[in-house]
Each structure stands twice: as C-alpha cells, then as structure tokens.
1. Of all residues being part of a loop (DSSP other than H, G, I, E, B) and surrounded by 16 or more Cβ atoms within 10 Å (Cβ to Cβ) in region 217-248, which is modelled with the lowest pLDDT? Just the residue, please.
2. What residue, among those in region 179-188 that are away from the ligand (no atom under 13 Å from the Cβ) and of a type outside the set (Val, Ile, Thr), is surrounded by the most Cβ atoms within 10 Å (Cβ to Cβ)?
3. Which members of region 22-61 meet the condition of being in a helix (DSSP H, G or I) and either in contact with a strand residue (DSSP E or B) (Cβ under 7 Å, 6 or more places away or on another chain) or crowded, with 19+ Cβ neighbours inside 10 Å (or both)?
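The values are calculated or read from the model by the stated rules, or taken from the named source; none is laboratory data. A quick note: this is a predicted structure, and the numbers were derived from the prediction, not measured. Don't worry about glycine lacking a Cβ; one is built from the backbone with ideal geometry, like all the others, and counts go over all protein chains shown.
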Amino acid sequence: MGVVNVTPDSFSDGGTNFDAATAIGSARRMVADGAALVDVGGESTRPGSDAVPLDEELRRVLPVLEAVAGELPVSIDTAKPEVARRALGLGAELVNDVTALRGDPRLVEVVGEAGAYLCLMHMRGEPRTMQVDPVYEDVVSEVAAFLEERLRFAVAAGIPEERICLDPGIGFGKTAQHNFELVRRLDVLTALGRPVVIGFSRKRTLGRLLGNEGATVGPLGASIGAAVAAYERGASILRVHDVREHVEALAAARAVADPDAAALSPP
Ligand code: HH2
C-alpha cells in the first residue's frame, strides 16, 4: 500500500504531494513500481496534529481521486463519512479509518452501502495527545482485544468480515518498545483471522532507534527492515512511502520464505 498524503503537514512526506498534479503522478508511479493499492489522505494524523475541516479535506483529495480512483486501486484514508462516500463513488475500494469506527457513526453505513473494504486501526487517544506517556500492561493483548471488539462491531453493523483488515497502529499512542513488540508478537494479531496491515514506514520510532533523539521521521533502510520483519511474521499489507524499494526488499524476503517465488527468477 503506497501512501499519498495530499497534505501540507504530514510528518513523513509533508508538502511533497500537496499539489494535486504531483499527488496524481506519485500515485501512478507507486502502482507502476508495484503497489497493489494507493492510500490517499487529506488529513495528517501525525502526533500533535489538529483536525482538518470537511471542506478542506474534500478540496485536497477530490482532484486526486477524480484522476486516479477509477484507474488505480485506491484506498481513502479518512474518518469522515462524506469524504469516504465521495471517494467510494469515484471508485475507491477501501476505507482506511484510523479511528476504527469510533468517530462519526455514519461511516459504517457508508462503507456497508458501498460494499467497500475497511481497515480498522488501533489508536490510543487522539493525534493531538496520543504520544503523551502511553502506558499499557500488555500492549499486544490490549491492541488485539481492541481490534477484535472493533471487528465484531463492524460485522454486527453489516460489513462482511472478509472485507475487513486490521492494523495495530504503529506510532499511534505507543512508545518505541510498544511499536517493536507489536511486530515481534504479530502472531497474536494474525490469530484474529483477518489480514494485518503494518505502517512502520518513516515513523519517528525508527529515527530514534538509530540514536536521533529528536527525530520526527525514520530513514528508508530502517523502514524496510521493519517491513521485512513484519512480512516474515505474517503481515499482509505494508503501508509505505517508498514503494519501489519495499517491493524489491520484499521480493527477496519472499524468495527466502517461498521456494516457488525463488523459482520464478532465472539462474
Ligand atoms: N499511519 C499514518 C496514517 N494512516 N493508516 C493505517 N492504517 N496505518 C498506519 O500506520 C497509518 C495510517 C501516519 O502516517 P502518514 O500518513 O505518513 O503521516 P500523516 O498522518 O502525518 O499524514
């Protein structure tokens, strides 16, 4: 899953894809580079960020969706029902909701009516405050219990289970230790029976791991390392900014894991 943030302030690619024409070009390049899906978002959820009003979010994402949602496999990163409705109407296939249906109650209806796919993500608190001293007794079992409850809620509201994927929300109300433990013990999350999404790409935890105390982004090499580790532990979807490099790394990791994948390459 390639990330296209049509925002001026995303922590990872702030401003790069704020211009619609650039965002459209990025989306097309990501798919050409091997992304199976492009995640378009118009609101940053970086730690400390404020919410974006509906009309501004629509103004950001609609020109991009109008150009690519009918042409490429697209997901919409939003918690707003109206943004999701417009995106799905233009051909988006998945709603990536970082609130896991705890925001506007109409979102679940929009997803259900469109027969769309849905990603439910764990977040402790809200972006403005979530990194203020997050404490868990056992982060993995608490995140798993949350995702299981949200999955049941979505299914009870009419979303078919086979349309739902789950995400522990790397960096959303978690310390570095929490983030790495969630990947280390990913089997607890895959045991929930749904595809698991991991978004470690460029997250500040990776910069801090490498000794940069004040890092707000993580470097590419560390992002790839985390993605490969997540893949080896059963993650199905990797949300990344640098698609080509991740596709190359994952092709090698897959050839190790799967002899059939290795057999595809000439000697
Ligand atoms: N991370 C971000 C945003 N949306 N969605 C899912 N499912 N999983 C994630 O880990 C995730 C997400 C934050 O990253 P990014 O989009 O690069 O930055 P920002 O929120 O500042 O736009």
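1. If we filter region 217-248 for residues that are part of a loop (DSSP other than H, G, I, E, B), which is where we start, we get 217-219, 233-236, 239, 241-242.
Checking which are surrounded by 16 or more Cβ atoms within 10 Å (Cβ to Cβ) leaves us with 217-218, 233, 235, 239, 241-242.
Values: VAL217: 93, GLY218: 96, ARG233: 98, ALA235: 98, ARG239: 98, HIS241: 98, ASP242: 98.
Checked region 217-248; the qualifying residue modelled with the lowest pLDDT is VAL217.
2. Looking only at region 179-188, we keep the residues that are away from the ligand (no atom under 13 Å from the Cβ), and these are 180-181, 184-188.
Pick out the ones that are also of a type outside the set (Val, Ile, Thr) and you get 180-181, 184-187.
On the way: PHE180: 18, GLU181: 18, ARG184: 14, ARG185: 17, LEU186: 21, ASP187: 11.
Among residues in region 179-188 that are away from the ligand (no atom under 13 Å from the Cβ) and of a type outside the set (Val, Ile, Thr), the one surrounded by the most Cβ atoms within 10 Å (Cβ to Cβ) is LEU186.
3. First pass over region 22-61, keeping only residues in a helix (DSSP H, G or I): 22-32, 54-61.
Within region 22-61, ALA23, ILE24, SER26, ALA27, MET30, VAL31, GLU57, LEU58, ARG60, VAL61 qualify.
Yes or no, residue by residue, for (1) within 11 Å of the ligand (Cβ to nearest atom); (2) of a type in the set (A, V, I, L, M); (3) modelled with pLDDT of 95 or more; (4) within 23 Å of HIS246 (Cα to Cα):
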position	(1), (2), (3), (4)
VAL3	yes, yes, yes, yes
PRO8	yes, no, no, no
THR22	no, no, yes, yes
ARG28	no, no, yes, yes
GLY42	yes, no, yes, no
ARG59	no, no, yes, no
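Yes or no, residue by residue, for (1) free of Cβ contacts under 8 Å to residues at least 60 places away in the same chain; (2) within 14 Å of the ligand (Cβ to nearest atom); (3) aliphatic (A, V, I, L, M); (4) in contact with a strand residue (DSSP E or B) (Cβ under 7 Å, 6 or more places away or on another chain):
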| residue | (1), (2), (3), (4) |
| --- | --- |
| CYS119 | no, yes, no, yes |
| PHE153 | yes, no, no, no |
| ALA157 | yes, no, yes, no |
| GLY169 | no, yes, no, yes |
| ALA191 | yes, no, yes, no |
